[in-house]
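Peer 1: Would you mind keeping the following structure in view while I ask a few things?
The values are calculated or read from the model by the stated rules, or taken from the named source; none is laboratory data. What you see is a predicted model, and the numbers here were worked out from it, not measured in a lab. Backbone-built Cβ (ideal geometry, glycine too); neighbour counts: all protein chains shown. Heavy atoms of the whole protein, side chains included, go into the accessibility calculation; ligands, DNA and RNA do not. Shrake-Rupley method; radii C 1.70, N 1.55, O 1.52, S 1.80 Å.
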Amino acid sequence: MNEIINILKEKKSIPLDKFINIALYNKKFGYYMKKNPFGKEGDFITAPMISNLFGEMIAIWCVSFWESVGKPSKILLVELGPGDGSLCKNLLKTFKQFKNFYNSLEINLLETSDKLKLLQKAKINNKKVKWVKNINNINRGPIIFLGNEFFDALPIKQIYKRKKLFFEKYVALSNDNRKIKFLHKKANDSLVKNIQNLNLISKGNTIEYPVEAIKFLKGISKKINKFDGGLLIFDYGYKIKKNQDTMQSVAKHRYLDLFSNPGHSDITSHINFRLFQKILKKNNLNVKKIANQNEFLKKMGILERANILSKKMTFKEKANMFYRLKRLLDPKEMGHLFKVIFAQKKNKNFSLGF
Ligand SMILES: C[S@@+](CC[C@H](N)C(=O)[O-])C[C@H]1O[C@@H](n2cnc3c(N)ncnc32)[C@H](O)[C@@H]1O
């Protein structure tokens with residue numbers, strides 16, 4: 001917190017996206033750079049940690065996708081922001097059961113945090129897995145890009161429209177230099193133009209502009225167009241056509257004020273899936289549908305798989321497995337709050353899970 005206050009003292013004010021970037025990813029004191037935020041003892045838990053069946057369903061989806069592109073002798077899976085490595089570990093376990101696929105497979109992990117990279121390396125330990133610094137350096141395919149709760153952890157901008165003028169939210173210190181607050185500055189022309197081009201304007205509401213996600217989607221789309229493959233995203237998000245302020249901060253499994261403890265709490269925003277769909281289409285990819293997470297997992301057969309597994313389980317193990325599945329599938333829990341989108345080359349039509 002003190003480090004962030006010092007930066008704000010020096011810079012006076014910074015755009016919201018820069019603030020998020022510092023709070024989460026500053027090399028010295030950014031939230032993701034210095035701790036393992038995951039799990040019961042940490043701040044939050046994600047789907048791969050809730051149930052292994054989540055990764056198992058995605059693994060089967062990957063194998064089916066590989067079959068749909070003609071079982072190429074090389075297939076690259078790129079996981080975006082692998083967290084503590086749970087998903088990759090689960091995927092590998094299932095992949096090993098599909099020998100031909102496994103022999104063709106290479107995995108690249110894109111991770112910005114050295115601290116988390118160490119966790120991933122300790123957990124995964126497989127020669128097929130390499131860590132990459134930048135997706136621009138990838139030069140072969142087909143590529144499956146996979147991100148679970150990756151895009152919601154990327155910095156965004158927030159903008160308002162008032163009486164025909166656009167204002168961007170900045171972050172600054174209060175007069176006594178003790179508290180962090182929002183400040184509104186006139187948005188620059190290029191930002192306004194970008195918002196207008198994406199048709200994001202809606203009077204009175206907060207417009208969220210996912211500046212970093214847009215860069216990633218551009219780079220990823222370029223690779224898919226060039227090498228074939230697709231992008232599969234699981235994330236917190238919404239489909240309704242309404243601008244809204246979705247920024248939130250979490251620590252120890254509880255919500256807190258965005259500015260109360262930056263550097264020590266997670267900061268996320270929900271994904272505007274219709275906007276992602278629009279951007280991916282503009283990038284020349286084919287996006288059929290945005291599915292709820294429970295729809296995707298059920299279509300992949302998660303309940304049937306759980307029933308098979310339950311036959312060899314004690315009552316206690318069964319209860320535990322179905323309790324975890326409820327968290328993933330219940331519409332009031334992750335089932336509807338999380339959405340899934342798949343983007344692929346324009347002439348391709350793989351639709352498993354959707
Ligand atoms: C919310 S966590 C999700 C972790 C994991 N996918 C899961 O589901 O448990 C976000 C992850 O993305 C990583 N990350 C965020 N921004 C990144 C960037 N620009 N490049 C690479 N990794 C990034 C974080 O360090 C973290 O591993």
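Peer 1: Based on this model, can you work out whether residue 255 counts as out of contact with any Lys or Arg (no Cβ under 7 Å at 6 or more places or on another chain), in a strand (DSSP E or B), surrounded by fewer than 18 Cβ atoms within 10 Å (Cβ to Cβ) and without any contact (Cβ under 8 Å) to a residue 60 or more places away in the chain?
Peer 2: Numbers: out of contact with any Lys or Arg (no Cβ under 7 Å at 6 or more places or on another chain): yes; in a strand (DSSP E or B): yes; surrounded by fewer than 18 Cβ atoms within 10 Å (Cβ to Cβ): yes; without any contact (Cβ under 8 Å) to a residue 60 or more places away in the chain: yes.
It is true that residue 255 is out of contact with any Lys or Arg (no Cβ under 7 Å at 6 or more places or on another chain), in a strand (DSSP E or B), surrounded by fewer than 18 Cβ atoms within 10 Å (Cβ to Cβ) and without any contact (Cβ under 8 Å) to a residue 60 or more places away in the chain.
Peer 1: On to the next question. I'd like the full set of residues that are open to solvent by 60 Å² or more (accessible area, probe 1.4 Å) and not β-branched (Val, Ile, Thr), limited to segment 102-118.
Peer 2: Within segment 102-118, the subset open to solvent by 60 Å² or more (accessible area, probe 1.4 Å) is 103, 112, 114-115, 118.
Scanning segment 102-118 gives 103, 114, 115, 118.
Peer 1: I would also like to ask the following. Can you pull out the residues in segment 215-238 that are assigned to a helix (DSSP H, G or I) and in contact (Cβ under 8 Å) with a residue 12 or more places away in the chain?
Peer 2: Filtering segment 215-238 down to residues assigned to a helix (DSSP H, G or I) leaves 215-227.
Once the filter is applied, which keeps residues that are assigned to a helix (DSSP H, G or I) and in contact (Cβ under 8 Å) with a residue 12 or more places away in the chain, segment 215-238 yields 216, 217, 218, 219, 220, 221, 222, 223, 224, 225, 226, 227.
Peer 1: Select the helices (runs of 4 or more DSSP H) contained entirely in segment 263-354, then report the ones holding at least 1 residues which are surrounded by fewer than 21 Cβ atoms within 10 Å (Cβ to Cβ) and of a type in the set (Ser, Thr, Tyr).
Peer 2: On the way: elements: 273-282, 293-299, 302-310, 315-329, 334-337.
Here the list reads 302-310, 315-329.
Peer 1: Using the structure shown, decide if residue 163 is of a type in the set (D, E, K, R), open to solvent by 20 Å² or more (accessible area, probe 1.4 Å) and at pLDDT 95 or above. Full working, then the answer.
Peer 2: On the way: of a type in the set (D, E, K, R): yes; open to solvent by 20 Å² or more (accessible area, probe 1.4 Å): yes; at pLDDT 95 or above: no.
In short, no.
Peer 1: Can you tell me which residue within segment 129-143, out of those that are assigned to a strand (DSSP E or B) and over 14 Å from residue 62 (Cα atoms), is least open to solvent (accessible area, probe 1.4 Å)?
Peer 2: Quick first cut of segment 129-143, residues assigned to a strand (DSSP E or B) only: 129-132, 143.
This time we only want the ones that are over 14 Å from residue 62 (Cα atoms), so: 129-132.
Details: 129: 12, 130: 101, 131: 65, 132: 31 Å².
Looking at residues that are assigned to a strand (DSSP E or B) and over 14 Å from residue 62 (Cα atoms), I get 129.
Peer 1: Restricting segment 68-87 to residues that are on the phi > 0 side of the Ramachandran plot and without any contact (Cβ under 8 Å) to a residue 40 or more places away in the chain, which is least open to solvent (accessible area, probe 1.4 Å)?
Peer 2: Among them, the one singled out is 85.
Peer 1: Would you check which residues across segment 258-306 are under 16 Å from the mean Cα position of the chain (by Cα) and of a type outside the set (A, V, I, L, M) and list them?
Peer 2: Hits for segment 258-306 are 266, 268, 269, 270, 272, 273, 274, 276, 277, 292, 293.
Peer 1: Out of all the residues in segment 206-222, is one or more more than 16 Å from the ligand (Cβ to nearest atom), among the small types (Gly, Ala, Ser) and closer than 30 Å to residue 76 by Cα? So that I can check it myself, show each step before the final result.
Peer 2: Filtering segment 206-222 down to residues more than 16 Å from the ligand (Cβ to nearest atom) leaves 206-209, 221-222.
From the residues that got through so far, the ones that are among the small types (Gly, Ala, Ser) too are 221.
Subset that is closer than 30 Å to residue 76 by Cα: 221.
Yes, there is a match, as at least one residue in segment 206-222 is more than 16 Å from the ligand (Cβ to nearest atom), among the small types (Gly, Ala, Ser) and closer than 30 Å to residue 76 by Cα.
Peer 1: Of all residues being within 13 Å of the ligand (Cβ to nearest atom) and open to solvent by less than 10 Å² (accessible area, probe 1.4 Å) in segment 223-248, which is farthest from the chain's Cα centre (by Cα)? Just the residue, please. Reasoning before the result, please.
Peer 2: Narrowing segment 223-248 to residues within 13 Å of the ligand (Cβ to nearest atom): 232-236, 248.
Retained after the next criterion (residues that are open to solvent by less than 10 Å² (accessible area, probe 1.4 Å)): 232-235.
Numbers: 232: 10, 233: 7, 234: 7, 235: 5 Å.
Only one residue fits best here, namely 232.
Peer 1: Could you give every pair whose Cβ atoms fall below 9 Å, whose first residue belongs to segment 131-142 and is under 11 Å from residue 78 (Cα atoms), and whose second residue is among the hydrophobic types (A, V, I, L, M, F, W, C) and in a loop (DSSP other than H, G, I, E, B), counting only separations of at least 6 or pairs across chains?
Peer 2: As it stands, the answer is 132/138; 142/69, since those pairs meet every condition given.
Peer 1: Kindly list the number of the only condition in (1) assigned to a helix (DSSP H, G or I); (2) surrounded by 17 or more Cβ atoms within 10 Å (Cβ to Cβ) that fails for residue 122.
Peer 2: (2)
Peer 1: Considering only segment 5-55, state which residues are surrounded by fewer than 16 Cβ atoms within 10 Å (Cβ to Cβ) and under 30 Å from residue 304 (Cα atoms).
Peer 2: Residues satisfying the conditions are 39, 40, 45.
Okay, residues lined up against (1) open to solvent by less than 50 Å² (accessible area, probe 1.4 Å); (2) outside any loop (DSSP other than H, G, I, E, B); (3) within 19 Å of residue 245 (Cβ to Cβ):
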position: 145; (1), (2), (3): yes, yes, no
position: 168; (1), (2), (3): yes, yes, yes
position: 176; (1), (2), (3): no, no, no
position: 195; (1), (2), (3): yes, yes, yes
position: 213; (1), (2), (3): yes, yes, yes
